[in-house]
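Q: Next up is a structure, given as structure tokens.
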Amino acid sequence: MRSGPRCYHGNVKYLQTVVFKLLLGLALLSAGLVGTRTLAANLPAVPPTVDSITPTELRMHLEFLASDELGGRYTLSPNFAIAARYLAAHLEAYGFKGAVNGSFLQTFQVAASKADPARTTLELTLAGNPAALKFGEDFLISAAGGSGDAAGQIVFVGAGVSAPEQKHDDYAGRDVKGKIVLVVPTVPAGMDAASLKESEQGPGAAKAHGAAGLLVIPPERFSQFLRDKSTVQRFATRETVALGRETDGKLPSLSLTPDTAEKLLATAGLNLKTAYENARKKDPPQNKPVEASARMSVVLQQTRTTTQNVAGILEGTDPELKNEYVVLSAHYDHLKTGANGEIYHGADDDGSGTSAVLAIARAMSLQRPKRSVLVVFHAGEELGLLGSQYNTDVAPVVPLNKMVVDLNIDMIGRSKPAGDNQPADAHLTDANTVYLVGADRISPELNELSEETNSQFQKLKLDYYYNDPNNPERIYYRSDHWNYAKHGVPIIFYFDGTHVDYHKPTDTVDKIDFGKMTQIARLVFETGWRIANLDHRLATSH
């Protein structure tokens, strides 16, 4: 038989193939290692000034910023100006110059709207049965809405996004003229959120399609918090705040509590979980009609006031590169003191990021890099990213095209204790882990530099759980870095995860892990220093 020799010949060929693949694999591995070594060798050396960032310094700043005397650093409170002066004074002592014509305070006007509880009403008719709902229990005002009256059939339009250029229209085939639109506040998968116009989403899209009013299902990330009655009542007493120029001509809008939303969705055979899932889909299913109507009246009391970002510039040493800026940012505002005097200290959120940026700024000043460093402490993040919106969309302190990166820090001070099984701490990171968001979205080179720098120095576990574009928490869009990213500025967001004390008076200094906070702050310094001294701008994918 001839099968034997043919098998032998095949085995020889097989062995040759195996050897070839092994050699090729070794060659590729070697090339990869060489590439990594080349990257490391070409990155600027990090100076020993990084060691100036210490737990002692971080604690000093945080104990002041999260003190009872500052009352929670609410953007519209008198105490907020004290925090601003503290930050500005330290930047000036470090050798920074005021970024706004020599001033460290970038002032801007905001309009605060508060519902008149007695005249803000909502009546829902479900299955022919009208029921008057209670403000502060069943519904709240919506931050995006205005005053006015509306009545009509309710039409559910999912995410409520109508963007012809992106070939997505939740209003297609739905007549909403003169009716009340019900929306889930999200952006469907595959869409470029940065390119969405105001008229293509939320109240803007509803108004553009002729709707009379808007009902908003609570965002998924807040639905659990809003099942707590005390939280709902606290939100009811809060102002909704927008930049001063954006308050007129808004559609009357109300935000539903989760229980109210569940009852309304049930008339269409839906629940909140399914509504969230469907709204996020690129091609959402056609929902059954909501068998309900609404009568609503929104009466807002509005005041205008001035607040401020704090911004300082450390000039770079290179005659040409000093005209480009590495941006270090954190929001220094938190929440309003409660009706009974309870203080929302905001030690982690975001006293930790604010303290870290101060410490990083001092370390940068001890040996100035080639590029300039712009430090921005944003106001109004908790009110809708207002400070960063002002510094990007309205009046940037330096041109956006001169910003090479924004390294934004929001909550880096907490660690999950061993044996902690609390559901609210499910995604809190341990003492050696930090979430990174956005590093690879705009500049793959930034992501590579970030990972290489961490592997050389702090050796933290970098967790990209929240960087997944399909993660329902949508962290990429929820802190100030987003307003820079939407303009094409590469960003990294550093974050420890939400926890049981998030947005509660119990977010206090005694729960901060200053060792972890120091490591993360040093990593941000090391990453920022290297970017500030590169011989080229970070390559972007745009």
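All of the numbers you see were taken from the coordinates with simple rules; none came from a lab. Quantities reported herein were computed from a predicted structural model and do not represent experimental measurements. So basically every Cβ, Gly included, is an ideal-geometry build from the backbone, and we count neighbours across all protein chains shown.
Q: What Kirkwood Rh does the stretch 117-298 have if only Cα atoms enter the pairwise 1/r average? Answer in Å. Mind dumping the intermediate values first?
A: Details: mean 1/r = 0.0613 Å⁻¹.
Evaluated on the stretch 117-298, it is 16.3 Å.
Q: What FRET efficiency do you get for residue 208 and residue 63 if R0 is 56 Å and r is their Cβ-Cβ distance, rounded to the nearest 0.05? Please report the intermediate quantities before stating the final value.
A: Working: r = 49 Å, r/R0 = 0.88.
In this case the efficiency is close to 0.70.
Q: While we're on this one: Taking the alpha-carbon set of the stretch 207-319, what are its Rg and Dmax in Å?
A: According to the Cα coordinates of the stretch 207-319, Rg and Dmax are 19.7, 67 Å.
Q: Here is a follow-up. Would you please give the residues with an amide H less than 5 Å from that of residue 126, counting only those at least 5 places away or on a separate chain, with H modeled from the backbone geometry?
A: The list, which skips near neighbours in sequence, is 131.
Q: Just name one of 122, 500, 160: the one whose Cα is farthest towards the positive end of the charge dipole of the chain (beta-carbon charges, Lys/Arg +1, Asp/Glu -1).
A: The Cα lying farthest towards the positive end belongs to 160.
Q: May I pose another question? Compute the distance from the alpha-carbon center of the stretch 411-465 to that of the stretch 119-176, in whole Å.
A: Rounded to whole Å, the Cα centres lie 38 Å apart.
Q: For the pairs 416/504; 167/250; 97/461; 197/402; 229/336, flag any whose C-alpha to C-alpha distance is greater than 28 Å.
A: Going by Cα-Cα distance, 97/461 fall outside the 28 Å limit.
Q: For the residue pair residue 134 and residue 291, what label-to-label distance in nm results when each label sits 7 Å from Cα along the Cα-to-beta-carbon direction?
A: 2.8 nm
Q: Based on alpha-carbon centroids, what's the gap between the stretch 71-99 and the stretch 467-542 in Å, whole number please?
A: 21 Å
Q: When you count, for each residue, the other Cβ atoms within 10 Å and take the mean per peptide, how do 419-425, 209-215 rank with the highest first? Numbers along the way, then the final one.
A: Values: 419-425: 11.0, 209-215: 24.0.
Order by mean packing, descending: 209-215, 419-425.
Q: Compare the peptides 330-336, 138-144 by average per-residue count of other Cβ atoms within 10 angstrom and give them in order, highest first.
A: 330-336, 138-144
Q: Using a Förster distance of 22 Å, how high is the FRET efficiency between residue 107 and residue 194, based on the Cβ-Cβ distance and rounded to 0.05?
A: Once rounded, the FRET efficiency stands at 0.25.
Q: Would you mind telling me the antiparallel percentage of the DSSP bridges in the stretch 117-298, rounded to 5?
A: The antiparallel proportion sits near 65 percent.
Q: Would you calculate the convex hull of the Cα atoms in the stretch 33-179 and tell me its volume per residue in Å³?
A: Hull volume normalised by residue count: 344 Å³.
Q: Separation between the residue 539 and residue 337 pseudo-spin-labels, each 7 Å from Cα along Cα→Cβ, expressed in nm?
A: 5.5 nm
Q: Just for the Cα atoms in the chain, what are the lengths along the principal axes, largest first, rounded to whole Å?
A: Principal axes ranked by extent give 85, 81, 48 Å for the Cα atoms.
Q: Further question: So how do 375-385, 506-516 stack up, highest first, on mean other-Cβ count within 10 Å?
A: On the way: 375-385: 25.9, 506-516: 18.4.
Taking the mean over residues of other Cβ atoms within 10 Å, the ranking is 375-385, 506-516.
Q: Just subtract the alpha-carbon distance of residue 456 and residue 468 from 0.36 nm times their residue separation and send over the number in nm, one decimal.
A: Between residue 456 and residue 468, full extension yields an extra 1.8 nm.
Q: Return the aspartates and glutamates within reach of residue 114: Cα separation strictly under 12 angstrom, same-chain partners fewer than 8 residues apart disregarded; answer none if there are no such residues.
A: Leaving aside aspartates and glutamates fewer than 8 places away in the same chain, those within reach of residue 114 are 239.
Q: Tell me the Rg and the Dmax, in Å, that the Cα atoms of the stretch 445-536 produce.
A: Here Rg and the maximum Cα pair distance are 14.9, 46 Å.
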